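The values are calculated or read from the model by the stated rules, or taken from the named source; none is laboratory data. On a predicted model such as this, the values are computed, not experimentally measured, just so you know. For neighbour counting, all protein chains shown are included, and Cβ atoms are generated from backbone atoms with ideal geometry for every residue, glycine included. The protein model used for the area step is the full one, side chains on, heavy atoms only, and it has no ligands, DNA or RNA in it. Shrake-Rupley method; radii C 1.70, N 1.55, O 1.52, S 1.80 Å.
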Amino acid sequence: MSARPLRVVGRPVPRVDGLEKVTGRARYVTDLVLPGMAHARVMRSPYAHARVRRVDVTRARALTGVLAALSGAELTWCEPYYGPAYRDRPVLAIDVARYEGEPVAAVAAVDEATADAALDLIEVDYEPLPPVITLEEALAAGAPLVHTGKPQAGIFADLSTLRPEPGTNICHQFHFARGDSAGALASADLVLDDTYRFPPVQHYAMEPHAAVAVWSETDGLTIWASSQNPYSVRVELAKMFDVPLARIRVVVPHLGGGFGSKTYAKLEPLAAALARAAGRPVRLAASVAEAFQTVRRCAARVHVRVGFRRDGLLVAVECDADYDVGAYADIGPRVVQKATYTATGPYRVPHVELAARAVYTNTTPGGAFRGFGVPQLAWALESLVDAAADRLGRDPVELRRQNFLAHGEEFAPGDTPIDGKLEESLSRAAEAIGWTRASAADRGRGVAAMLKASVAPSVSEAIVRLHTDGSVSVLASAVEMGQGTRTVLAQIAAEVLCVPLARVTVVQPDTAVTPYDQTTSSSRSTTMTGRAVQVASEDVREQLLRITAEALGVATRDLTLDEGAVVAPARRLPYAEVLLLRFGMSGGELIGRGVIAPGRTAAPLGGSTPFWEMAVGAAEVSVDEETGAVRVERYVSVADVGRAVNPLLLEGQDEGGVVQGLGHTLLEEMLYADGHLLNGTLLLYRVPRADDAPPALECHFVENADGSGPFGAKGAGEGSLIPVSPAVANALARLTGVRLRDLPLTPERVWRALRARR
Amino acid sequence: MNLTMVVNGSSHELDVAPHSLLLDVLRDSLDLKGAKRSCDTQVCGACTVLVDGQAVSACTYLAVEADGCSLLTVEGLADGEALDPLQRAFLDAGAVQCGFCTSGMLLTARALLRENAAPSREDILHYLRGSLCRCTGYRKIVEAIMTAARTTR
Amino acid sequence: MLRPFTLHRPETAEDACALLATLGEDAAPYAGGTELLLLMKLGLLRPPHLVDVKRIAGFGDIADGTRLTIGATVTHRTLERSPLVRARCPLVASVARHVANVRVRNVGTVGGNLAFADPHSDLATLFLTLDATVELVSPRGRRELSLAEFVRGPWETARRPDELLASVRLSPWPTGTGAAYVKFGVHERPTLGIAVALRLDGAGERARVADARVAIGCVSPRPMRVEAAEARVNGVAEAELGDVTGAMADAAAESVDPADDLHGSAEYKREMVAVFVRRALRVAVARARGAELSASFPHAVVA
Ligand SMILES: Cc1cc2nc3c(=O)[nH]c(=O)nc-3n(C[C@H](O)[C@H](O)[C@H](O)COP(=O)(O)OP(=O)(O)OC[C@H]3O[C@@H](n4cnc5c(N)ncnc54)[C@H](O)[C@@H]3O)c2cc1C
Ligand code: FES
Ligand code: FES
């Protein structure tokens, strides 16, 4: 490809769906109305753990206006279990309710009021059982078991090696080792060993989960879903109802935030079952309180041991992590194994021993959440690296620089070599925060770094259609959830095909229309879906060139594209004319196809990451010593993104990631007492507000065009969040000498630590 | 109960139950879906609409309270195709991501600028205390409001 | 989603009270609804009748006199912006500015705040330092109670089912009073609210603290005046205040009765009482002298 300067890629163009959003015209799932649509309501378990002896929905069903009333026991006409890792989650509780808020019965009625009234008529007999809420309780000898049956594997090939520990609450274990960590630690000059905790937190995507489902004889099931991965939802539904994939259509309109909460089936199975039973379209829209009962981040207890040589060389890391995946595995086992694989962070470590367990508890299921298990581990490792710097008398920035993996270096045999320059990110972050300048006496500074793999192997496909008027449709199934994917894909197609951005339309995901895409998560869309769109656009471009070359009798190498036209030495043919040449009439279209499917490799997890996400965070904090209240005064995030396809949107992503990270760092934690969630509404669960954002917040990007994505781009969006907690805690430790091991750093927790120091 | 209100300049007469919430009437009866339901507890601001210029949480506000009032929802912000300076500024600044908070943010900002044409950063942060955004990190939203204030003056 | 109810909109206190008397337990007074509708949506309350108090003549008035009378249905926003309130009780206006968020302030009322008796009320705490009394109306007539008598405990007041809160009366502080209200906490509602008001009698070096008032909210079942703390500073020379501040803060911390909850442990809250009493005192003393300290603390509001 000629090194033509880029026209739209790399520019901070406003988002293509922005106008719809600022005018209030954008439609989300909860905004959809179908003729004859019924409204669903869910009855949920008041107990964390209970035998469900009887669910009687007959009175509810008899109420005028009720179209369907379901209990778990009655779901004999479909496969009632689902789940991506294990099929362990019933659509409605069967025999046992395993967490407070688990759906036990559901109704669909002509309107919401009738559905509410019907819930009052449902009778449930519970026999409370002892719950296990914390990791300690769940792992204790003789602990009550959350699941007793034999687990059924879910839909994931890379989780074919699920390793539950029968007779315990451990639903999966992961182990990865290299070298001889025990030996290396025995001969290390400095060994540090500590346990860090990360709380269960709520995504609070502002749009709670919602689905509208309708069945028809011809089309099968159509479901409009607030989903980040419609194709995974499709597989679940096809299995549940035993229908061909082609008869399940999952459509995703605008999505009001995801952050992982909308990956894999959530409300869709229940909405589809109700629609089937009601024989009508059914709308199931969760409240935010119900979102707290649907999914959360996996809490973790992470024990890390690091060994350094006196000169600062990191020689060994041992990590032993327990993740609380809640009552159902969801994607927890994969969160655990994928994160643990990179528990050594961005460092070169010859000797490693990494182990982790996914542990069931009687709490809201834990699933994917921005960072996918890595924030929990980075919290521990990056805190320990700073502690080590302290003990070694080294500057934490320099100690990190010394041990960073280098560009091109192997992370693990068979996996992708490191594709970015960590030291460049670190230098930029250090410079922006003023690392080498003295800070004010009442301020402390800290840094932290991260490295994360994207999901592998994974598949993205795209179709690009060039129409007779020279406009372009991009068909792809990456979900726009605020991160800017639609805009970025449009920019990529516009760039390759040399058309103005306004001539490109990116179709919203619809499994009946837009081609396969594995998931919108793992920061993969720009790289994977973006590459598919690039390849599909190039396919169209080649067709344009070939048609023109043949018609004009010139070589394709003498042709170029320019502003919607093919330019030959003596002529300029607008695309419309090229299509006329091809079809002999005004009609027809050129269709390009792009498939990115790297397949399985010899890498330890079975696939090589398409890119490494890498970022560094630097924080400057102050603390009110008398109250323990921490204030993040300045924050700098530097992410190595290869190329910022849209710097404006990327900056928005990373600013949002930092502030979301400040949530679990300073404020957020789902708190339980006696098996009950105490703060399951926004009145009691505090997420960051505008005045919690650092007064000075900068997001920078390292762009060396060294990514495997289009134009050298690679994924971003999770990286900015991950270093936040260790960067803030490291800053606090450097300011006060006090190191905290449990998040969030609430004022009381900090106050206690400061008091203990005195 | 009878409810007469002017919404975005056009007058509506409706018969609503006393327990109808303003958010549901706007969304379901008037098909104005721009105001969203998120927290449902007056904390997040996604449901913000202006009643006689004052921001209210439509999720926790009886529709009948708006009787005789003039309402502004996000659908009424633009003048035809001409965007309100706030809408323009939100677009340009990248203050919109998933968009779920956006209508509430815009209307809150509109109410603020009506009261205070030249707000400081602190004034904006104070006014946004009940307006959550889980996507943006807020910086661009604050910046957009400041820009809109400047262009409006 | 709300369950159906009948909405009554009386225009006089007599009619409203008559309704309450007839409907008994089945009715709830309804003002802004910011608390009531929330509880009803959560299904914690299901009153079949709501009696709207916002149309009752006089309930929305703010009236001047020896005391300042604030009608029950005056909203936080009106309180914040009323020239009369700003002139007579400026701290009330600035505290009102920091209650909840702008939407709750636009709709929520002073009467609703006091009648709800949430232990985390800012107004109740502040009003205790203004010798507030509340006026209750019922078919039997009117009665006036001190705010301390009215608020009995968490969500519990001396209001009888057929009574309405008509207004709250405040006694503005004498000129020369310096006062501060400080609230602290990361949660939606404050973890702690402290009001301190005092005067400095005499000039310069010889000035002595007089009329000290200290009220503390959120950390006891109900907001309370803390005479033990007031006594520690009354009559103390300004120059010697530094010596007694610690004792005053300790007295305050000993007087409160916090519980362990989402806001924190009882121990922490007690300690924060001491910290913020000291801080509030400093700001109040400076204001009594006509100066303004630039005091800003994370997760705290200094009004
Ligand atoms: C998100 C949020 C944050 C908040 N933060 C704060 C805060 O920081 N500080 C603070 O002080 N407060 C806070 N509040 C409380 C707020 O001040 C009150 O919600 C509001 O003032 C209540 O007034 P209302 O008119 O809406 O009451 P309503 O909801 O109408 O009524 C509340 C109660 O009082 C009764 N009632 C109302 N009026 C009368 C009357 N005239 N006579 C007798 N009974 C009556 C009702 O029956 C009901 O039981 C917060 C509330 C919310 C929702
Ligand atoms: S939905 Fe009304 S304030 Fe959140
Ligand atoms: S843009 Fe998504 S919540 Fe604000």
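Taking max minus min of the alpha-carbon positions on each principal axis, the stretch A:230-384 gives extents of 71, 32, 28 Å, largest first. Do any residues of the stretch A:642-672 show a loss of at least 50 square angstrom of accessible area between the isolated chain and the full protein assembly, using a 1.4 Å probe, and if so which? Listed in order, they are A:LEU648, A:GLU655. Between A:TYR347 and A:LEU405, the built amide H atoms are under 5 Å apart, and every one of these is 5 or more places off in sequence or on another chain.
Between C:SER296 and A:LEU6, the modelled labels are 3.8 nm apart [label points 7 Å from Cα along Cα→Cβ]. Here the accessible area of the stretch A:227-365 is 47 percent carbon and sulfur, with a 1.4 angstrom probe and all protein chains present.
Could you tell me the number of lysine pairs in chain A with C-alpha atoms less than 30 Å from each other, where the two lysines are 8 or more residues apart or belong to different chains? Final tally of qualifying lysine pairs is 22.
Pairs of Cα atoms in chain C fall into 20 Å distance bins, from 0 up to the last occupied one, in shares of 34, 55, 11, 0 percent. Estimated from the Cβ-Cβ distance and a Förster radius of 25 angstrom, the FRET efficiency linking A:GLU123 and A:LEU678 is about 0.35. Taken one residue at a time, the phi angles of the stretch B:65-75 give Karplus couplings (6.51, -1.76, 1.60, θ = phi - 60°) of 5, 8, 4, x, 9, 10, 10, 10, 10, 4, 5 Hz. Gly and Pro are set to x. Once both labels are positioned 7 Å from their Cα atoms along Cα-to-Cβ, the gap between B:ASP28 and C:ARG55 label points is 2.5 nm.
Once B binds C, the 1.4 Å probe can no longer reach about 2500 Å² of accessible area, counting both sides.
Residue separation of A:ASP95 and A:VAL33 scaled by 0.36 nm, minus their Cα-Cα distance, works out to 18.8 nm of gained length.
Per residue of peptide B:48-55, the mean number of Cβ atoms on other chains within 10 Å of the residue Cβ is 3. One Cα centroid belongs to the stretch A:1-62, the other to the stretch B:51-82; the line between them spans 24 Å. Cβ-Cβ distance of A:THR148 and C:LEU7, R₀ of 45 Å, FRET efficiency by 1/(1 + (r/R0)^6): the value works out to about 0.30. Taking +1 at the Cβ of each Lys and Arg and -1 at the Cβ of each Asp and Glu, which of A:VAL554, A:LEU581, A:ALA565 sits farthest along the dipole of the stretch A:552-591 towards its positive end, judged by Cα position relative to the Cα centre? Ranked along the dipole, the leading option is A:VAL554.
Neighbouring Cβ atoms from other chains, within 10 Å of the Cβ of residues in C:43-54, number 1 on average. Over all directions, the projected convex hull of the C-alpha atoms in the protein assembly as shown averages 48.6 nm² in area. Taking a ≥ b ≥ c as the square roots of the eigenvalues of the alpha-carbon gyration tensor, the stretch B:2-76 is classed prolate because a/c is 1.5 or more and a/b outweighs b/c. If one takes the accessible area of chain A alone plus chain C alone and subtracts that of the pair, with a 1.4 Å probe, what total in Å², rounded to the nearest 100, results? Interface between A and C: roughly 2100 Å². Taking max minus min of the alpha-carbon positions on each principal axis, the stretch B:85-152 gives extents of 28, 23, 17 Å, largest first. Ellipticity at 222 nm from helices only: DSSP H runs of n ≥ 4 in chain C, each -39500 (n - 2.57), divided by the residue count, give -9500 deg cm²/dmol. The residues neighbouring C:LEU79, those whose beta-carbon lies less than 13 Å from its own, together hold a net charge of +3 under the Lys/Arg +1, Asp/Glu -1 convention. Across the accessible surface of the stretch B:2-76, with the other protein chains kept in place and a 1.4 Å probe, carbon and sulfur atoms take up 41 percent.
Given only helices, namely DSSP H runs of n ≥ 4 each adding -39500 (n - 2.57), what is the per-residue ellipticity at 222 nm of chain A, to the nearest 500 deg cm²/dmol? Before the final figure, lay out the partial values.
Numbers: 18 runs with 191 residues, N = 758.
Counting only the DSSP helices, I get -7500 deg cm²/dmol.
Chain B against chain A buries an accessible area of about 3700 Å², both chains summed, 1.4 Å probe radius.
Looking at the stretch A:356-448, none of the chymotrypsin sites (Phe, Trp or Tyr not before Pro) sits in a DSSP loop with at most 13 other Cβ atoms within 10 Å of its own Cβ. Note on the stretch B:2-76: with charges restricted to the Cβ of Lys and Arg (+1) and Asp and Glu (-1), its dipole about the Cα centre is near 300 debye.
For a quick check of your reading of the filter: which trypsin sites (Lys or Arg not before Pro) in the stretch A:251-317 sit in a DSSP loop and have no more than 15 other Cβ atoms within 10 Å? Numbers along the way, then the final one.
Numbers: sites: A:LYS262, A:LYS266, A:ARG276, A:ARG283, A:ARG296, A:ARG297, A:ARG301, A:ARG305, A:ARG309, A:ARG310; in loops: A:LYS262, A:LYS266, A:ARG309, A:ARG310.
Loop-located and lightly packed - A:ARG309, A:ARG310.
Each residue of the stretch A:128-145 was assigned a 3J(HN,Hα) from its phi angle through the Karplus expression (A = 6.51, B = -1.76, C = 1.60, θ = phi - 60°), giving x, 10, x, x, 10, 9, 9, 4, 4, 5, 5, 9, 5, 4, x, 4, x, 8 Hz with x at Gly and Pro. About its Cα centre, the dipole of the stretch B:85-152 is roughly 100 debye, where the only charges are +1 on Lys and Arg Cβ and -1 on Asp and Glu Cβ. For the protein assembly as shown, the cysteines with no partner cysteine C-beta closer than 4.7 Å are A:CYS78, A:CYS171, A:CYS298, A:CYS319, A:CYS498, A:CYS699, B:CYS69, B:CYS98, B:CYS135, C:CYS17, C:CYS89, C:CYS218. Pop out the ³J(HN,Hα) list for the stretch A:726-735 in order, Karplus 6.51 cos²θ - 1.76 cosθ + 1.60 with θ = phi - 60°, rounded to Hz; leave Gly and Pro as x. Per-residue couplings from phi come out as x, 4, 5, 5, 5, 5, 5, 5, 5, 6 Hz. Calculated accessible area for chain A comes out at 32 Å² per residue, all protein chains present (probe 1.4 Å; ligands, DNA, RNA ignored). Spatial offset of the stretch A:364-416 relative to the stretch C:58-79 amounts to 59 Å, using the alpha carbon center of each. Towards the positive end of the charge dipole of the stretch A:398-498, with charges on Cβ (+1 Lys, Arg; -1 Asp, Glu), say which of A:LEU405, A:ALA432, A:GLY484 has the farthest Cα. In the stretch A:398-498, that residue is A:ALA432. About its Cα centre, the dipole of the protein assembly as shown is roughly 1040 debye, where the only charges are +1 on Lys and Arg Cβ and -1 on Asp and Glu Cβ. The Cα center of the stretch A:186-213 and the Cα center of the stretch A:102-154 differ in position by 24 Å.
What does the structure give for B:59-65 when I average, per residue, the other chain Cβ atoms found within 10 Å of the residue Cβ?
On the way: counts 4, 13, 7, 8, 0, 3, 6.
That average works out to 6.
For B:VAL7, the residues whose amide H sits under 5 Å from its own are B:HIS12, B:LEU71, ignoring neighbours fewer than 5 places away on the same chain, with H placed 1.01 Å from N. Please state the shape class of the stretch C:229-303: rounded when a/c is under 1.5, otherwise prolate if a/b exceeds b/c and oblate if not, all from the C-alpha gyration tensor. Oblate. If you take the charge dipole of the protein assembly as shown about its Cα centre, with +1 on Lys and Arg Cβ and -1 on Asp and Glu Cβ, which of A:VAL33, A:ALA271, C:SER146 is farthest toward its positive end? The Cα lying farthest towards the positive end belongs to A:VAL33.
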